[in-house]
Amino acid sequence: MPTPVQRSSSILGGFHQPLAHRSPAARILALATVMLGLALIPQGTGMAGAATPVSPTDSVTAPALAPGLDLNQDFQTNPNDDLADPQAKQDASPPVPPLPTAIPEAVVPANEGIVGLTPGPEDNLGIGVLQPRNLDFLDRAAWETNPLAYGRWLRSVALPLYVGPDGEHWGWMVNGWLIINGYEPMAIGRDASFSMVEARTGLYSFPVLEQRIDGWFRFQYTPAGSAWAHLDHLAVGAVALTLQPWEDTLATASHIRFRRHGLSQSLRTEPRGTASLQALVAPNSRIRPLAIDGDWMRVEVTQPVQGCTILPGHTTEEGWLRWRDEATQALLVWAVAVDCSEPGPESE
(Lines give C-alpha, C1' and ligand atoms only; values in the text may rest on other atoms or scores of the structure.)
Protein backbone atom coordinates (compact mmCIF):
# COMPACT_ATOMS: atom_id res chain seq x y z
CA MET A 1 0.00 0.00 0.00
CA PRO A 2 1.54 3.36 -0.96
CA THR A 3 2.67 5.71 1.78
CA PRO A 4 0.92 9.09 2.21
CA VAL A 5 3.82 10.69 0.31
CA GLN A 6 3.32 8.29 -2.60
CA ARG A 7 -0.41 8.95 -2.50
CA SER A 8 0.24 12.68 -2.70
CA SER A 9 2.28 12.24 -5.86
CA SER A 10 -0.23 9.93 -7.54
CA ILE A 11 -3.27 12.03 -6.63
CA LEU A 12 -1.88 15.44 -7.50
CA GLY A 13 0.23 14.34 -10.46
CA GLY A 14 -1.08 15.22 -13.92
CA PHE A 15 -3.29 18.11 -12.85
CA HIS A 16 -1.44 20.35 -15.29
CA GLN A 17 -3.34 18.67 -18.11
CA PRO A 18 -6.43 20.46 -19.48
CA LEU A 19 -9.55 19.21 -17.68
CA ALA A 20 -11.22 18.18 -20.93
CA HIS A 21 -8.30 15.85 -21.81
CA ARG A 22 -8.46 13.80 -18.62
CA SER A 23 -10.43 10.68 -17.85
CA PRO A 24 -13.82 11.12 -16.11
CA ALA A 25 -12.32 10.01 -12.80
CA ALA A 26 -9.44 12.46 -13.16
CA ARG A 27 -11.86 15.29 -13.97
CA ILE A 28 -13.86 14.55 -10.84
CA LEU A 29 -10.72 14.42 -8.74
CA ALA A 30 -9.36 17.64 -10.22
CA LEU A 31 -12.59 19.48 -9.50
CA ALA A 32 -12.77 18.05 -6.02
CA THR A 33 -9.18 18.91 -5.18
CA VAL A 34 -9.56 22.47 -6.42
CA MET A 35 -12.82 22.83 -4.50
CA LEU A 36 -11.43 21.34 -1.29
CA GLY A 37 -7.94 22.76 -1.42
CA LEU A 38 -6.92 19.44 0.10
CA ALA A 39 -3.76 19.66 2.20
CA LEU A 40 -2.06 16.27 2.13
CA ILE A 41 0.21 15.51 5.09
CA PRO A 42 3.53 13.87 4.18
CA GLN A 43 4.89 11.12 6.38
CA GLY A 44 7.37 12.20 9.01
CA THR A 45 6.11 15.77 9.38
CA GLY A 46 4.92 15.31 12.93
CA MET A 47 1.26 15.49 11.86
CA ALA A 48 0.68 11.76 11.66
CA GLY A 49 -0.76 11.39 15.21
CA ALA A 50 -1.90 7.78 15.36
CA ALA A 51 -5.42 7.31 14.06
CA THR A 52 -6.58 4.72 16.55
CA PRO A 53 -9.07 2.00 15.50
CA VAL A 54 -12.34 1.88 17.40
CA SER A 55 -11.81 0.19 20.74
CA PRO A 56 -14.08 -2.77 21.59
CA THR A 57 -14.96 -0.90 24.80
CA ASP A 58 -16.29 2.19 23.02
CA SER A 59 -20.03 2.80 23.25
CA VAL A 60 -20.40 3.35 19.51
CA THR A 61 -20.78 -0.17 18.15
CA ALA A 62 -23.14 0.37 15.23
CA PRO A 63 -21.80 -0.08 11.69
CA ALA A 64 -21.01 2.99 9.62
CA LEU A 65 -24.22 2.55 7.64
CA ALA A 66 -27.63 2.65 9.22
CA PRO A 67 -29.06 -0.88 9.50
CA GLY A 68 -31.39 -1.88 6.68
CA LEU A 69 -30.37 0.94 4.34
CA ASP A 70 -30.98 0.09 0.69
CA LEU A 71 -28.37 1.99 -1.28
CA ASN A 72 -30.38 1.53 -4.46
CA GLN A 73 -33.35 3.49 -3.11
CA ASP A 74 -33.78 7.15 -2.21
CA PHE A 75 -33.03 7.85 1.44
CA GLN A 76 -35.01 10.68 3.06
CA THR A 77 -34.67 11.90 6.63
CA ASN A 78 -36.17 15.42 6.55
CA PRO A 79 -34.65 16.32 9.95
CA ASN A 80 -36.77 18.99 11.61
CA ASP A 81 -33.85 20.74 13.28
CA ASP A 82 -31.81 21.62 10.21
CA LEU A 83 -31.15 25.12 8.90
CA ALA A 84 -33.77 25.04 6.15
CA ASP A 85 -37.45 24.34 6.69
CA PRO A 86 -37.93 20.77 5.38
CA GLN A 87 -41.29 21.79 3.93
CA ALA A 88 -39.48 24.25 1.65
CA LYS A 89 -37.36 21.52 0.07
CA GLN A 90 -38.18 20.04 -3.30
CA ASP A 91 -39.91 16.67 -3.26
CA ALA A 92 -37.17 14.91 -5.22
CA SER A 93 -34.34 13.57 -3.11
CA PRO A 94 -31.00 12.46 -4.57
CA PRO A 95 -30.38 8.72 -4.17
CA VAL A 96 -27.58 7.58 -1.92
CA PRO A 97 -24.66 6.73 -4.23
CA PRO A 98 -22.94 3.34 -3.98
CA LEU A 99 -20.42 2.99 -1.19
CA PRO A 100 -16.77 2.30 -2.04
CA THR A 101 -16.12 -1.38 -2.60
CA ALA A 102 -13.66 -1.52 0.30
CA ILE A 103 -14.05 0.68 3.38
CA PRO A 104 -11.17 0.71 5.88
CA GLU A 105 -11.74 -0.02 9.55
CA ALA A 106 -13.05 3.01 11.43
CA VAL A 107 -10.36 5.34 12.79
CA VAL A 108 -10.30 8.28 15.17
CA PRO A 109 -9.24 11.44 13.31
CA ALA A 110 -5.83 12.67 14.48
CA ASN A 111 -6.17 15.96 16.35
CA GLU A 112 -2.82 17.15 15.02
CA GLY A 113 -4.27 17.38 11.52
CA ILE A 114 -7.46 19.25 12.45
CA VAL A 115 -6.89 22.99 12.11
CA GLY A 116 -8.82 26.25 12.58
CA LEU A 117 -10.60 25.30 15.83
CA THR A 118 -10.47 28.93 16.97
CA PRO A 119 -11.26 30.97 13.84
CA GLY A 120 -9.58 34.27 13.05
CA PRO A 121 -11.51 37.55 12.87
CA GLU A 122 -11.65 37.44 9.06
CA ASP A 123 -12.55 33.75 8.64
CA ASN A 124 -15.85 33.07 6.88
CA LEU A 125 -17.96 31.00 9.26
CA GLY A 126 -21.09 30.93 7.13
CA ILE A 127 -24.55 30.32 8.54
CA GLY A 128 -24.07 27.46 11.01
CA VAL A 129 -22.30 24.18 11.69
CA LEU A 130 -22.47 20.54 10.59
CA GLN A 131 -22.26 18.28 13.65
CA PRO A 132 -23.89 15.29 15.38
CA ARG A 133 -27.63 15.69 15.90
CA ASN A 134 -27.64 14.32 19.45
CA LEU A 135 -25.33 16.24 21.80
CA ASP A 136 -26.70 14.93 25.09
CA PHE A 137 -23.32 13.41 25.87
CA LEU A 138 -21.86 16.89 26.44
CA ASP A 139 -24.10 17.31 29.49
CA ARG A 140 -23.00 14.05 31.11
CA ALA A 141 -20.22 13.37 33.55
CA ALA A 142 -16.90 12.34 32.02
CA TRP A 143 -18.03 13.59 28.60
CA GLU A 144 -14.38 14.07 27.60
CA THR A 145 -13.98 10.31 27.14
CA ASN A 146 -17.21 9.89 25.16
CA PRO A 147 -16.63 8.38 21.68
CA LEU A 148 -18.45 11.35 20.11
CA ALA A 149 -16.44 14.11 21.82
CA TYR A 150 -14.15 16.46 19.92
CA GLY A 151 -13.72 15.04 16.38
CA ARG A 152 -14.18 11.39 17.31
CA TRP A 153 -17.75 11.39 15.95
CA LEU A 154 -16.30 11.38 12.42
CA ARG A 155 -15.40 7.70 12.70
CA SER A 156 -19.13 6.82 12.81
CA VAL A 157 -20.26 9.08 9.96
CA ALA A 158 -21.04 8.21 6.34
CA LEU A 159 -21.68 11.24 4.12
CA PRO A 160 -21.50 11.33 0.29
CA LEU A 161 -19.74 14.41 -1.13
CA TYR A 162 -20.42 16.21 -4.40
CA VAL A 163 -18.76 18.73 -6.71
CA GLY A 164 -21.87 20.93 -6.59
CA PRO A 165 -25.66 20.87 -6.23
CA ASP A 166 -26.99 18.09 -8.44
CA GLY A 167 -23.39 17.69 -9.60
CA GLU A 168 -21.03 14.75 -9.83
CA HIS A 169 -20.60 12.56 -6.79
CA TRP A 170 -16.85 12.41 -6.19
CA GLY A 171 -16.38 10.64 -2.86
CA TRP A 172 -17.32 9.85 0.72
CA MET A 173 -16.47 10.93 4.21
CA VAL A 174 -16.89 7.62 6.00
CA ASN A 175 -15.47 5.87 9.10
CA GLY A 176 -13.01 8.73 9.69
CA TRP A 177 -11.68 8.52 6.11
CA LEU A 178 -11.93 10.65 2.99
CA ILE A 179 -12.48 8.23 0.11
CA ILE A 180 -12.27 9.83 -3.34
CA ASN A 181 -13.74 7.69 -6.10
CA GLY A 182 -11.05 5.53 -7.68
CA TYR A 183 -8.30 6.43 -5.19
CA GLU A 184 -6.96 5.09 -1.93
CA PRO A 185 -8.57 6.33 1.31
CA MET A 186 -6.97 9.15 3.29
CA ALA A 187 -7.35 9.25 7.08
CA ILE A 188 -8.82 12.53 8.34
CA GLY A 189 -6.18 14.48 10.23
CA ARG A 190 -3.46 11.94 9.44
CA ASP A 191 -3.11 11.85 5.65
CA ALA A 192 -4.89 15.18 5.04
CA SER A 193 -5.50 18.35 7.07
CA PHE A 194 -9.13 19.16 7.76
CA SER A 195 -10.65 22.46 8.95
CA MET A 196 -13.14 22.46 11.83
CA VAL A 197 -14.22 24.85 14.60
CA GLU A 198 -14.82 24.35 18.32
CA ALA A 199 -17.92 26.50 18.80
CA ARG A 200 -18.88 24.44 21.83
CA THR A 201 -16.26 23.12 24.23
CA GLY A 202 -15.47 19.49 23.45
CA LEU A 203 -17.15 19.40 20.01
CA TYR A 204 -15.47 19.94 16.64
CA SER A 205 -17.83 20.95 13.81
CA PHE A 206 -17.67 21.94 10.13
CA PRO A 207 -18.81 25.50 9.28
CA VAL A 208 -21.76 25.49 6.86
CA LEU A 209 -21.16 28.24 4.31
CA GLU A 210 -24.49 28.19 2.50
CA GLN A 211 -27.68 26.19 2.09
CA ARG A 212 -30.28 26.01 -0.68
CA ILE A 213 -33.98 25.41 -0.21
CA ASP A 214 -33.71 22.16 -2.20
CA GLY A 215 -31.58 20.62 0.56
CA TRP A 216 -28.10 21.07 -0.90
CA PHE A 217 -25.55 22.71 1.38
CA ARG A 218 -21.85 23.61 1.21
CA PHE A 219 -19.57 23.22 4.20
CA GLN A 220 -15.99 24.18 4.97
CA TYR A 221 -13.95 21.04 4.82
CA THR A 222 -10.34 22.11 4.54
CA PRO A 223 -8.58 25.46 5.12
CA ALA A 224 -8.73 26.31 1.41
CA GLY A 225 -11.93 24.74 0.16
CA SER A 226 -15.39 23.29 0.67
CA ALA A 227 -17.63 20.40 -0.35
CA TRP A 228 -21.33 19.94 -1.15
CA ALA A 229 -23.72 17.44 0.45
CA HIS A 230 -27.48 16.98 0.86
CA LEU A 231 -29.75 17.14 3.90
CA ASP A 232 -31.36 13.82 3.06
CA HIS A 233 -28.03 12.05 3.48
CA LEU A 234 -27.34 13.21 7.04
CA ALA A 235 -28.51 9.97 8.67
CA VAL A 236 -26.75 7.46 6.41
CA GLY A 237 -24.09 6.75 9.04
CA ALA A 238 -24.42 5.34 12.55
CA VAL A 239 -24.26 8.90 13.93
CA ALA A 240 -26.95 11.16 12.45
CA LEU A 241 -25.87 14.71 11.62
CA THR A 242 -27.62 18.05 11.62
CA LEU A 243 -27.06 21.61 10.42
CA GLN A 244 -27.38 23.93 13.41
CA PRO A 245 -27.67 27.70 12.78
CA TRP A 246 -25.26 30.00 14.57
CA GLU A 247 -28.03 31.64 16.59
CA ASP A 248 -28.82 28.30 18.25
CA THR A 249 -25.15 27.52 18.87
CA LEU A 250 -24.24 30.89 20.35
CA ALA A 251 -27.44 31.17 22.39
CA THR A 252 -26.35 28.11 24.40
CA ALA A 253 -22.76 29.29 24.97
CA SER A 254 -21.84 29.96 28.58
CA HIS A 255 -20.00 33.13 27.56
CA ILE A 256 -18.99 34.88 24.35
CA ARG A 257 -16.35 37.36 23.25
CA PHE A 258 -15.95 39.73 20.31
CA ARG A 259 -14.02 38.30 17.38
CA ARG A 260 -12.16 41.59 16.88
CA HIS A 261 -10.02 41.92 19.97
CA GLY A 262 -9.15 45.22 21.62
CA LEU A 263 -12.24 47.19 20.57
CA SER A 264 -15.15 48.30 22.74
CA GLN A 265 -18.64 47.60 21.41
CA SER A 266 -21.98 49.31 21.95
CA LEU A 267 -24.51 47.94 24.42
CA ARG A 268 -27.98 49.29 23.64
CA THR A 269 -31.30 49.39 25.45
CA GLU A 270 -33.20 47.69 22.60
CA PRO A 271 -32.33 45.37 19.69
CA ARG A 272 -31.87 48.09 17.06
CA GLY A 273 -29.04 50.35 16.01
CA THR A 274 -30.93 53.55 16.76
CA ALA A 275 -31.72 52.57 20.36
CA SER A 276 -30.14 54.51 23.21
CA LEU A 277 -26.53 53.70 24.01
CA GLN A 278 -26.52 52.03 27.40
CA ALA A 279 -22.80 51.40 27.82
CA LEU A 280 -19.60 50.40 26.03
CA VAL A 281 -18.54 46.78 26.39
CA ALA A 282 -14.77 46.79 26.93
CA PRO A 283 -12.46 43.91 25.86
CA ASN A 284 -11.92 42.87 29.50
CA SER A 285 -15.58 41.97 30.01
CA ARG A 286 -17.51 38.81 30.65
CA ILE A 287 -20.49 38.50 28.29
CA ARG A 288 -23.22 35.93 28.95
CA PRO A 289 -25.90 35.32 26.26
CA LEU A 290 -29.52 35.58 27.41
CA ALA A 291 -31.66 35.75 24.25
CA ILE A 292 -31.43 36.39 20.51
CA ASP A 293 -33.62 38.64 18.38
CA GLY A 294 -32.53 38.64 14.73
CA ASP A 295 -29.00 40.04 14.49
CA TRP A 296 -29.10 41.17 18.12
CA MET A 297 -28.32 39.32 21.33
CA ARG A 298 -29.46 40.24 24.82
CA VAL A 299 -26.53 39.76 27.15
CA GLU A 300 -25.40 40.16 30.73
CA VAL A 301 -22.14 42.08 30.86
CA THR A 302 -19.80 42.15 33.84
CA GLN A 303 -16.77 44.44 33.62
CA PRO A 304 -13.93 44.70 34.32
CA VAL A 305 -12.75 41.12 34.70
CA GLN A 306 -9.46 39.31 34.29
CA GLY A 307 -10.10 35.85 32.94
CA CYS A 308 -12.76 34.46 35.28
CA THR A 309 -11.87 36.82 38.13
CA ILE A 310 -14.16 39.78 38.73
CA LEU A 311 -12.10 42.88 39.48
CA PRO A 312 -12.85 45.53 42.13
CA GLY A 313 -15.33 48.23 41.14
CA HIS A 314 -17.05 46.00 38.58
CA THR A 315 -20.55 46.57 37.23
CA THR A 316 -23.09 44.08 35.86
CA GLU A 317 -25.88 45.13 33.50
CA GLU A 318 -28.07 43.71 30.77
CA GLY A 319 -28.56 45.10 27.29
CA TRP A 320 -28.45 44.35 23.54
CA LEU A 321 -25.45 44.04 21.24
CA ARG A 322 -24.98 42.94 17.65
CA TRP A 323 -23.78 39.35 17.29
CA ARG A 324 -24.03 39.30 13.48
CA ASP A 325 -23.22 42.01 10.95
CA GLU A 326 -26.36 43.42 9.36
CA ALA A 327 -24.92 43.78 5.85
CA THR A 328 -22.63 40.74 5.51
CA GLN A 329 -24.21 38.43 8.14
CA ALA A 330 -20.67 37.69 9.37
CA LEU A 331 -20.29 36.61 13.00
CA LEU A 332 -19.12 39.41 15.31
CA VAL A 333 -18.80 37.18 18.39
CA TRP A 334 -17.38 33.78 19.29
CA ALA A 335 -17.92 31.32 22.13
CA VAL A 336 -15.40 31.47 24.98
CA ALA A 337 -13.61 28.17 25.52
CA VAL A 338 -13.16 28.73 29.27
CA ASP A 339 -16.35 28.27 31.30
CA CYS A 340 -16.69 31.14 33.79
CA SER A 341 -20.06 30.01 35.13
CA GLU A 342 -18.38 29.35 38.46
CA PRO A 343 -15.74 32.09 38.69
CA GLY A 344 -13.23 32.46 41.49
CA PRO A 345 -13.67 34.96 44.32
CA GLU A 346 -13.46 38.65 43.64
CA SER A 347 -10.05 40.22 43.98
CA GLU A 348 -9.41 42.10 47.17
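The values are calculated or read from the model by the stated rules, or taken from the named source; none is laboratory data. Given the structure is predicted, the values throughout are model-derived calculations rather than measurements. All Cβ positions, even for glycine, are placed from backbone atoms using ideal geometry, and neighbour counts span all protein chains on display. With ligands, DNA and RNA removed, areas are computed over all heavy atoms of the protein, side chains included. Shrake-Rupley method; radii C 1.70, N 1.55, O 1.52, S 1.80 Å.
Brief remarks follow.
- Couplings 3J(HN,Hα) for the stretch 194-200, derived from phi with the Karplus relation 6.51 cos²θ - 1.76 cosθ + 1.60 (θ = phi - 60°), are 10, 10, 9, 10, 10, 6, 10 Hz, where x marks Gly and Pro.
- Sequence of 325, 295 from largest to smallest accessible area, 1.4 Å probe: 325, 295
- Remark on residue 203: its backbone amide H falls under 5 Å from those of 150, a criterion applied only to residues 5 or more positions apart or on other chains, H modelled at 1.01 Å from N.
- Taking Cβ atoms as reference points and 12 Å as the exclusive limit, the residues near residue 120 contribute a net charge of 0, counting Lys and Arg as +1 and Asp and Glu as -1.
- For the stretch 155-276, accessible area per residue (1.4 Å probe, heavy atoms of protein chains only), Å²: 30 Å²
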